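> Provided herewith is a single structure, encoded as structure tokens, for subsequent inquiry.
Values quoted throughout were computed directly from the atomic coordinates according to the rules given, and no laboratory measurement underlies them. No experiment lies behind these values; they were computed from the predicted model shown. Using ideal geometry, Cβ is built from the backbone for each residue, glycine included, and neighbour counts are taken over all protein chains shown.
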Amino acid sequence: MRSGPRVLVFPAYLNNAFLNLLQLSAAADGFRVDPARTYDELMSEATSLGSGDVLHLHWTTPIVQQAQSERDAHRRVQRIATLFARLHNRGAKIVWTVHNRLPHEVTFHDLEVKLMRLIGEHADAVHIMAPHTPDAIADVVRVDQQKIRQIPHPSYEGVYDTSVSRAEARESFGIRDTDTSVLFLGQIRPYKGVDALAAAASAANASRSDDLVLMLAGAVKEMPRIEFEASLPQDVRTVTHLDFVDDADIARWFRAADVACFPYRAILNSGSVHLAATFHVPVILPKDPGLVAQFGDQRWVAFFDPEDPERSIAALLAKDPFADVEATDFDTFLAPIAPWDVSRQYSALLQQLTS
């Protein structure tokens, strides 16, 4: 016996706060939300979806980019096409949340584009979080405007322990009140540009009487950890935890930070921005037209030149562009994207598709 329509989520990362928040209201409204963590699980579990059920696709990397060979990747795309046709024949619906323009590390480019166009063609609803998404992905896949549903990325209010104070957090890292702490938290991968942030911190510190503290927290991916550690500047005090950061410790890092910098070389959506805002930490982002349109009117956001990241980030860190930022600036941004409100919008989408 089922409690209601089934929603198969792929890929379902159990420690992903975004997925857990998005699904809150759907689960409360009687949808049976099931995970598929791998490509094989997706192909196995999706065979039982029928009328009134939903396949919700998020990140596409596990389908093509984790194939063993180009031949295997091609076979996977063919099997996905067959799956989509069978799902529609059985009355199931398909939802696609667009997280990235393309996966950040692409081995089989042409097949990835073919896959995304296949998903765009067969999806009954395409969930976007940022209004500029259709334009940002237009060179890869053009999405029917009638399918687009915009539901914003939620804040992380109520998710993480916030009992630690700023003073306690800074003391735990040995950061003085007079220091300026710059945080990057998240997986450290080449496309995220952490090397540019490190170089910028070194340059900015020379004009700040050595009061800058660089805080880096997250597992190092797609590069040797020892190589990354060796690249860090010796003339800037650096606090690192180059491994997964436990949820219980997230608040301590953000409470200790004066500013968060996300020097991405490629970005469409970033939950890190919403996480920083939840902790009232100002953010430095690349001056991408879409990001400027989305966050340009927020006083707690400053932009660097992606054509010259080291110099432009250093210029921002050498001064205080957030001196006039107040708590109400964050509250105004966060109010419309409370997790429960966003999850209710998602549940309403599912109800529309399955009714």
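> Taking the Cβ of each residue in Tyr191, Tyr39, Tyr264 as the centre, tally the other Cβ atoms inside 10 Å and list the residues starting with the fewest.
Exposure proxy ranking, most exposed first: Tyr191, Tyr39, Tyr264.
> In addition: Using the Cα centre of the chain as the reference point, and only Cβ charges (+1 on K/R, -1 on D/E), how large is the resulting charge dipole? Debye, rounded to the nearest 20.
Here the chain has a charge dipole of around 1420 debye.
> Still on this model: Test of understanding: ordering His74, His127 by Cβ neighbours within 10 Å, fewest first, what list do you get?
With the fewest neighbours first, His74, His127 line up as His74, His127.
> Here's something else I'd like to know. What length, rounded to one decimal in nm, is gained on full extension from Asp211 through to Ala167, with 0.36 nm per residue of separation minus their alpha-carbon distance?
14.2 nm
> Output wanted: per-residue J couplings in Hz (rounded whole) for the range 231-246, from phi through Karplus 6.51 cos²θ - 1.76 cosθ + 1.60, θ = phi - 60°, x for Gly and Pro.
7, 6, x, 8, 9, 10, 5, 10, 9, 10, 9, 8, 7, 4, 9, 4
> Amide H of Gln150 versus every other amide H placed in the peptide plane: which residues, excluding those fewer than 5 positions away on the same chain, fall under 5 Å?
Ile128
> Report the one residue of Leu349, Ile226, Ala302 whose Cα lies farthest in the direction of the positive end of the charge dipole of the chain (charges on C-beta: Lys and Arg +1, Asp and Glu -1; origin at the Cα centre).
Comparing the listed Cα positions along the dipole, Leu349 ranks first.
> Exactly which trypsin sites (Lys or Arg not before Pro) in the range 70-126 are in a DSSP loop and have at most 14 other Cβ atoms within 10 Å?
Here the trypsin sites (Lys or Arg not before Pro) that fit, given the DSSP loop and packing criteria, are Arg90.
> In a shell of Cβ-Cβ distance under 15 Å around Gln234, excluding Gln234 itself, what net charge do Lys and Arg (+1) and Asp and Glu (-1) give?
Once positives and negatives cancel, what remains is -3.
> Further question on the same structure: Residue by residue through the range 63-72, which ³J(HN,Hα) values in whole Hz follow from phi under the Karplus form 6.51 cos²θ - 1.76 cosθ + 1.60 (θ = phi - 60°), with glycine and proline marked x?
With the stated coefficients, the range 63-72 comes to 7, 9, 6, 9, 5, 7, 7, 5, 4, 5 Hz.
> Which of Val281, Val64 comes first, and how do the rest follow, when ranked by fewest Cβ neighbours within 10 Å?
Val281, Val64
> Which value at 222 nm does the chain reach when only helices count, each DSSP H run of 4 or more adding -39,500 (n - 2.57), with the total divided by all residues and rounded to the nearest 500 deg cm²/dmol?
The helix-only estimate for the chain comes to -11500 deg cm²/dmol at 222 nm.
> Taking amide H positions as placed in the peptide plane 1.01 Å from N, state which residues far from Val301 in sequence (5 or more) or on other chains have amide H under 5 Å from it.
Val283
> In addition: May I ask you to list the lysines whose Cα is less than 23 Å away from that of Lys93, ignoring any residue fewer than eight positions away on the same chain?
Lys114, Lys147
> Then there's this: For the chain, calculate the relative contact order in percent as a whole number, restricting contacts to Cα pairs under 8 Å that are 6 or more residues apart.
18
> Also: Can you give me the Cα centroid spacing of the range 121-186 and the range 42-80 in angstrom?
The distance from the Cα centre of the range 121-186 to that of the range 42-80 comes to 26 Å.
> Let me know the charge dipole size of the range 169-241 about its Cα centre in debye, to the nearest 20, where only the beta-carbon of Lys, Arg (+1) and Asp, Glu (-1) is charged.
With Lys and Arg at +1 and Asp and Glu at -1, about 220 debye.
> Here is a follow-up. For Val220, which sequence-distant residues (separation of 5 or more, or a different chain) have an amide H within less than 5 Å of its own amide H, given hydrogens modelled in the peptide plane?
Ile188
> Hey, what do the phi angles of the range 250-263 turn into as Karplus ³J(HN,Hα) couplings, whole Hz, using 6.51/-1.76/1.60 and θ = phi - 60°, x for Gly and Pro?
4, 4, 4, 5, 6, 4, 7, 8, 8, 8, 10, 10, 10, x
> With a ≥ b ≥ c taken as the square roots of the eigenvalues of the C-alpha gyration tensor of the range 166-336, please select rounded if a/c is under 1.5 and otherwise prolate if a/b is larger than b/c or oblate if it is not?
Rounded, since a/c falls under 1.5.
> Follow-up. As I understand it, the dipole of the chain uses +1 on the Cβ of Lys and Arg and -1 on the Cβ of Asp and Glu, about the Cα centre. Which of Ala125, Asn20, Gly271 lies farthest toward its positive end?
The residue sitting farthest along the positive end of the dipole is Ala125.
> Any chance you could check the Cα centroid distance between the range 191-213 and the range 289-355 for me, in angstrom?
23
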